[in-house]
1. Does anyone have the angle between helix 68-82 and the longest principal axis of the chain? Alpha-carbon axes, 0 to 90°, nearest 10?
2. Please report, in whole Å³, the volume per residue of the convex hull around the C-alpha atoms of segment 254-316.
3. Would you mind putting 42-54, 74-86, 284-296, 163-175 in packing order, based on average other-beta-carbon counts within 10 Å, highest first?
4. Expressed as a whole number of Å, what is the distance separating the alpha-carbon centroids of segment 1-49 and segment 74-90?
5. Taking the alpha-carbon distance from Lys27 and a cut-off under 12 Å, which aspartates and glutamates remain once sequence neighbours fewer than 8 residues away in the same chain are dropped?
6. Suppose every Lys and Arg Cβ carries +1 and every Asp and Glu Cβ carries -1, with no other charges. What dipole size does segment 196-315 come out with about its Cα centre, to the nearest 20 debye?
7. Taking amide H positions as placed in the peptide plane 1.01 Å from N, state which residues far from His9 in sequence (5 or more) or on other chains have amide H under 5 Å from it.
8. Would you mind estimating how fast the chain diffuses translationally, via Stokes-Einstein at 10 °C and 1.306 mPa s with the Kirkwood radius over Cα pairs, in µm²/s?
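What follows is calculated from the coordinates using simple rules that are stated; it is not laboratory data. Because the structure is a prediction, the values reported are computed rather than measured. Here the Cβ positions follow ideal geometry from the backbone for every residue, glycine too, while neighbour counts run over all protein chains shown.
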Amino acid sequence: MVTLLVAEHRNGKLLDSTFEQVTAARKGQGPVHAVLLGQGIANLAPQLSAVGVQVHTVESPALQNETPGAYAKGIEGVAQQVGASVILFGHTTVGYDVAPRLAARHGWALATNVVRLEFAGGHVQAHRAAYGGRVHAEVELQGSPVLLTLQPGAFPAARDARPGGSVSAASVQVSDADTRQKVTGFVQPEATGVDIAQADVVIAVGRGLKDKENVKIADELAKALGGVVAGSRPIVDAGWLPRDRQVGVSGKTVKAKLYIALGISGQVQHISGMKGCEHIVAVNKDPNAPIFKVAHYGVTGDLFKFVPAFLKELQG
Ligand SMILES: Cc1cc2nc3c(=O)[nH]c(=O)nc-3n(C[C@H](O)[C@H](O)[C@H](O)COP(=O)(O)OP(=O)(O)OC[C@H]3O[C@@H](n4cnc5c(N)ncnc54)[C@H](O)[C@@H]3O)c2cc1C
């Protein structure tokens, strides 16, 4: 099967999701092509051809930033040129912006948030995460080409050098007339200089904290243990912690040696970002809180009593 992946890049770097798509594409046993869209992106192409991918660049000022109309035009043009039977995207803002547009426009089958992929008997079978990851749906996609968006991290990134790669400019024209959107700027998330993904000790707080003022309890514990403070999504949404401190499916994945969850219920979207930690301690006053299913040590009780007592022990 001829597979075409849609390469993604930001700030002059190819994203990991692109190399994860390469791994998935190799399962097809056929030629692996990539479409690389943008402006001034020629220097990125060799990194992808080095892993055995036939890269087709589409350069235009209209592709300076991703917009669904311009990207769709470039992708469908290259898909036609290479005779793609499978088109892969990351399940990223680009993937869920552009893939449904192409599927609807051409009547192509689409599976989103794919975590597993098989090419069997000329068909593509995919497992896709549904209901926030609670279940996996198995789907078989009909027709050609079929489109898939791949969950970030579901496939290992392919970085090994392979022969067969090439770089060429695709004869596809994309102009401002192909898009009705204009990107006027980017809002960078507030950088706090703390990377929770790299921390050995993470003190994570949830809605059980009750008030923004109480974040200082977690700060004190983090200070005593040489760790950093992170939080569940509602805490970040409420502005009690910066966006880069969120743990979970729509935040960061942490791999700490010690993870202390204070007043976090442990919904599936949170668990997916911390279940790989070495030692998980949960403090929650509800004995049935799902967090206890993944915790190695559980404290059923009030965090406002536990933390001061624990700090006293540490300081003593
Ligand atoms: C598409 C999508 C993506 C999402 N992504 C994320 C994500 O990346 N990360 C994330 O965290 N969530 C995410 N969520 C939200 C997730 O579903 C939950 O709503 C959220 O994780 C709950 O946060 P919480 O545990 O802080 O709050 P709650 O569920 O309200 O839990 C608060 C807990 O505190 C306990 N508690 C209360 N008082 C005390 C006390 N004094 N002492 C001890 N315990 C106490 C309660 O028993 C309760 O278990 C996402 C949801 C959706 C739909």
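1. The angle comes out at about 50 degrees.
2. Values: hull volume 4.8 nm³, N = 63.
So the per-residue hull volume is 76 Å³.
3. Values: 42-54: 18.4, 74-86: 20.3, 284-296: 16.6, 163-175: 14.4.
So the peptides 42-54, 74-86, 284-296, 163-175, ranked by packing, come out 74-86, 42-54, 284-296, 163-175.
4. Measuring centre to centre over Cα atoms gives 12 Å.
5. Once the sequence-local aspartates and glutamates are set aside, what remains near Lys27 is Glu118.
6. Working: 16 positive and 11 negative charges, 37 e Å.
With only Lys, Arg, Asp and Glu charged at Cβ, the dipole is about 180 debye.
7. Amide H neighbours of His9: Leu15.
8. Values: Rh = 21.5 Å.
Translational D for this selection: 74 µm²/s.
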